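So the structure is just underneath, and the comments pick up after that.
Values in this text are rule-based calculations from the coordinates and carry no lab data. The structure displayed is predicted, hence computed values, not measured ones. Ideal geometry is used to build each Cβ from the backbone, glycine not excepted, and the neighbour counts take in all protein chains shown.
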Amino acid sequence: MARRMMWAVGLAVALGAAMVTAQATTVLEAARHGDKDAVRALLKQGVDVNAAEGDGMTALHWAARAGDAELVQMLLYAGANVKAATRLGAYTPLMMAAQAGHSAVVAALVSGGSDVKATSTTGTTPLMFAAQSGDPRTVTMLIEGGSDVNARETAMEQTPLMFAAAYNRVDVVKLLIARGADIKATSKVVDLTKLSSPEEEFFRRRAAQQPQGSGPRPPDVPGLTRQFRYNELVGTSGGFSPLHFAVRQGHAEVVKALVEAGADVNQVNPGDKSTPLIVAVINGYFDIGRYLLDKGADPNMASDNGVAPLYATLNVQWAPKALYPQPRAYLQQQITYLDFMKVLLEKGANPNHRLKRKVWYSGYNFDLAGVDEIGATPFWRAAYGGDVEAMKLLVAHGADPTIPTIKPAGRPRTGDGDRFNIQDVSGIPPVPVGGPAVTPLQAAAGVGYAEGFAANSHRYAPSGLLAAVKYLVEETGADVNAADHEGNTALHNAAARGDVEMIKYLVSKGADVKRVNREGQTTADMANGPVQRTQPFPEALKLLESLGAKNNHKCVSC
């Protein structure tokens, strides 16, 4: 009985193998299943070794992709075409083997006549694929086979070294540099302000859907004439060196390898003028930022929007809740953001440096903040985040706590009547474009909440905004009745959030509950649902009315 069972099992196995072989009517099918016996049998029958699937994949492609060197050799011996390319992407077997880091297969293909300089439809070479894979042996074979270490793909003009840096392939980075890779090369710069149709039309429609716009270009006042579309705020894309790629991804060992090989820690991106330090910080990599500072990075070099490392540190720490993923690396750093700020300040960072343009990556293309941060300083950003410790640190190093933002062009509620035909009824002297806008105190009180959805995105310190307001009033002498360019005081902003405790505090410090903004809104109006989908705050409204504020009963969201 046992012998008959063993015989039956053996027969089943043999029949199964025969079925696989029988089913594989082409070399391509057999190679796709890795069935070398079937491939050998079919080749002996004269079946076409170069038959291709609809997408252009051949048996050699499948064997190279699987890393089966023996099968590759068999196919090459049978006359497989090493230059065969897929119909989509024009990928050769060598590219597929290089991408997977199959060095033995790469060696066989190169020996078999594969073109190491062949490119995909985007201009990507086998060496670029190999650099991405991270296998030094594969990279070495391709270089010794004639690959250009400084070749550029056509889409973004990235080099093999950029691929290796972006994918954290430190051994390959060192190898490429040793073989002559240019560590100063930069990728292609794309000017998004000159997009052609349909891209331009897309951004134009997107901008038209955003009533609050994206902000202007300051502080050179002659340029403050209109709102700028989202793509204009971004300005450019690309222009990264290998070091820029490495710091953006947070690859510390690659960063060190590049710097030790002579990479310029202050190399300016030809696109938006960002240095490696700025790129590291806006992505929350404070540890890498400290390393770059120790290696001579300039703490005052800023991107073309005016963002310098100090502002960037606070901006990533208190990044708004956005519809897009925000950097989270700052939560895993050995150095805290406050300690990193101390290092920046000790290295000479200017605490009063001001932004030149709205920061597009604060809210991306759907900004909910309701405030243009043009002209903001690091201190202003700390105040907006309710960050008392950061404010104290900045003041100790010379920060001016009185510097406001700058009035932009084309914003609603400016009293200009430029977009919504708003008539200024406040009697407050007009503020010209480029003039003072939002003070740190008004920012800490909750600027933007009366304009819609700021509450959905605003992030601030766990200690709360009231602690920040108290510090600004009691320690820096901030004027509780100062009005911003729209005529709102800190009390208007507190009322728009329904913050009863802050209202009581500001009033105790002399805040005028009867102040009216340029649109004619009282502090009580601000607590009474002044825009759609912003709820009234009955308790705050009752308090303000009891203190003498007029309720005009213009609840929009009721």
For region 458-558, how many pairs of lysine residues have a Cα-Cα distance under 16 Å, where the two are 8 or more positions apart or belong to different chains?
-> 8
Listed peptides 182-194, 29-41 by packing density, highest first (mean Cβ within 10 Å) | 29-41, 182-194
Listed peptides 321-332, 138-149 by packing density, highest first (mean Cβ within 10 Å) = 138-149, 321-332
Given (i) 1.09; (ii) 1.15; (iii) 0.94, which label gives Rg/Rh (Cα atoms, Kirkwood Rh) as computed from the coordinates?
-> (ii)
Ranked by how many other beta carbons lie within 10 Å on average, peptides 302-310, 268-276, 549-557, 388-396 from highest | 302-310, 268-276, 388-396, 549-557
Under Stokes-Einstein, region 368-558 at 37 °C and 0.692 mPa s, with its Kirkwood radius over C-alpha pairs, diffuses with a coefficient in µm²/s of 201
Entries of K83/K117; K174/K256; K321/K392 with Cα pairs more than 18 Å apart = K321/K392
Kindly point out which whole DSSP H helices in the chain project their C-alpha atoms 30 angstrom or further along the helix axis while averaging a Kyte-Doolittle hydropathy of -1.0 or above.
-> 2-23
